[in-house]
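Quick note: the coordinates plus some simple rules give every number you see, no bench work behind them. Computed from a predicted structure; not experimentally measured. Quick reminder, even Gly has a Cβ in these numbers, built from the backbone with ideal geometry, and neighbours come from all protein chains shown.
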Amino acid sequence: MGADGDDTVYYVISDLHIGGDEQLEEAEFLDELLEFLERLETTDEEAELIINGDAFGLWEFTRIEGIEKFDALRETYPRLFEQLRATGENVPITLLPGNHDHELAAYDEYVERFAEYNVDLVSDESITRPIGDRAIYFEHGHQRDRNNRIEDWGNPHSTPLGYYYNTLVTSRAGQLSNRGRYNWLKDVQAVTPTERMPVWLLSKYFYREMNPFLRYALVPFLLLFNISALIAILAGLDLAGVWTMPVDQTEAFLRQFGMAGTAVYMLLTVNVAIVGLVLLVWIPLALIRRDVRKTINRFGVFETELTVDPNEPYEEAARTVFAEHPEVAIFCYGHTHRPTIERVDGRLLVNTGTWLKRLHRRDGIIGILPPVFYPSYQLCAVRIAAEPEGIVVEHEAIEKPSPIGEDLTLTERLLTVGREPDPELPDRAVVETETADVPLEARTDRA
C-alpha cells in the first residue's frame, strides 16, 4: 500500500514504455526521468509516486518470456532501478500495470523483484487514494479500449488485438530500425492513432529513405502537381475546342525572365505532360476504387473502428465511477497519450499523457507532397494535492530539448516553417470540496 493520509501529495506519471527488442531499448527521456526521481528523493513533502500503467514495454519483448523480462530490464537500465530504490526510501512508489506491461500482474515473482527496489507493484486494474476529504481513482485506461481490453486480468495468455499488433509490428520495427538510412522506424510507438501508420511510413520513406537525388527530382513535380493538373485540364479543353489556352502569351511572359523563365516553362511543360497521363490512369482507377469500397461496405467487412475514441469512453467511465463512489473527486488515467483535464459532473477527468515522442501531422499547403510528422515532447508529471481552495491538479512540465534536429530532414523543416506545433499542457484545475455538481466545462487540452 502507498502513502496514507489526507495530506499526501500525489505525483502521477504513465506511458513510459521502457524496454523492448533491440532499438526499442533506447529510452530517450531516461536522463529527465532520473532527474525527476532524484527530485522526489529529496522532497520534504509527504508524497507518493503513482506510475499509472505502461511503465515498461513487456509486449515489445518477443525473444524472452515471463520473469526473464525483469532481468533484461534491470540489466539494460541499472541506473533507473538504483534510482527507484533510492527514491523509494523517501517516497512510496506504487506501480500499476497497463496493457503493455500486463504481465506484471500475471507473475507473483514480479511483486517480489520490484519490492527489492522499493516499488510496490499492485496487481489490480485500479486503485484509489484519499485526498483531503475525497478520493482519487486511478486506472491505466486500457479497460475502455476494446482492442487492448484484457478480459482475464492476470492471465498471461489473455492477449487482446493490441498485443498482436505490438509483437508483430512494433517489436519488428525495433529489430529493423537500424537498417535504414536513419534510425527512425523505432518511433513507431509514437504513431497514434494506428490508422496513420501507412501514411507515416510513406512520409518517412520519402523524406528519409528515398535516394536523395530521386527525392529532389520529384519535389518540384509534386509541388507543382496541382498547377500542372489544372493546366492539363485546360489543355484538354483546348484540344476539344471548348476553350483556347494562351500558350504563346504564357511562354513569352516567362521568357522575359531569361534562363530561369525558360526553365520554369520547360518544367511546367514536362509536368503537364506527366500529370495528363496520370489523370488518364487515375480517373478510371478512382472509379474502380470507389465501387470496390461500396461493395465492401455492403458486406460490412470493416464495420468497426480500429482505435479507441480518446474521449467518450473515459467520460462515460468517469460518470459511472463518480455515481457509484460519490467520494471520488478525480478519475485519473493514461493510455491514450493525450495530456488533458476535463470537467465531468463537477469532478475532474485527468489524463497523464506520455513520455514518448508525440507526432503532429502537418499536410502540405500546395502540391501532393507527403505530410510531415513533426515531433515534440510533452514530458510531465501530474501533481494532485489538497489545498485550501480545494483539490488542485497540475501538469508539471519536465523540459526536454526538441528532437527536430535529429528527426526531421531539411526538406521537412522547410515545408513546416511557420506551422510548427506548439503543444501546451492543460491549465491548472481545482475541484472545490464543498461542491460536487457544477456545469460541464470544455476540455483544456490544446495539444
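One compactness figure for the range 340-437 is 1.45, namely its Cα radius of gyration divided by 2.2 N^0.38 Å. For the pair SER123 and GLU28, label points projected 7 Å from Cα toward Cβ lie 3.7 nm apart.
For the pair GLU389 and ARG290 in one chain, pulling the backbone fully straight at 0.36 nm per residue adds 29.9 nm over the alpha carbon distance.
The stretch between VAL417 and ALA135 holds 96.9 nm of extra length on full extension. This uses 0.36 nm per residue minus the Cα-Cα distance. Packing here is the average count of other Cβ atoms within 10 Å per residue, and on that basis the peptides 24-30, 52-58, highest first, run 52-58, 24-30. Fraction of C-alpha pairs exceeding 14 angstrom in the range 379-431: 65 percent, rounded to a whole number. Put a dot 7 Å past the Cα of ASP363, heading toward its Cβ, do the same for GLU65, and the two dots end up 4.7 nm apart. A full extension of the chain between LEU161 and THR43 corresponds to an added length of 38.3 nm, given 0.36 nm per residue minus the alpha carbon distance. Across the range 159-169, rounded Karplus estimates of 3J(HN,Hα) from the backbone phi angles (6.51 cos²θ - 1.76 cosθ + 1.60, θ = phi - 60°) give 10, x, 4, x, 4, 5, 4, 6, 6, 8, 10 Hz, Gly and Pro being marked x.
The alpha carbons of the range 17-174 stretch over 45, 34, 26 Å along the principal axes, in descending order.
Which entries of LYS69/LYS357; LYS69/LYS204; LYS69/LYS400; LYS294/LYS357; LYS69/LYS186 show an alpha-carbon separation above 26 angstrom in the structure shown?
Working: LYS69/LYS357 24 Å; LYS69/LYS204 31 Å; LYS69/LYS400 28 Å; LYS294/LYS357 37 Å; LYS69/LYS186 19 Å.
Listed pairs above 26 Å: LYS69/LYS204; LYS69/LYS400; LYS294/LYS357.
Cβ-Cβ distance of GLU396 and ASN211, R₀ of 56 Å, FRET efficiency by 1/(1 + (r/R0)^6): the value works out to about 0.80.
Taken along the Cα-to-beta-carbon direction at a fixed 7 Å, the label points for ASP309 and THR194 span 2.0 nm.
Ordering ILE131, ILE368 from the fewest to the most neighbouring beta carbons within 10 Å gives ILE368, ILE131.
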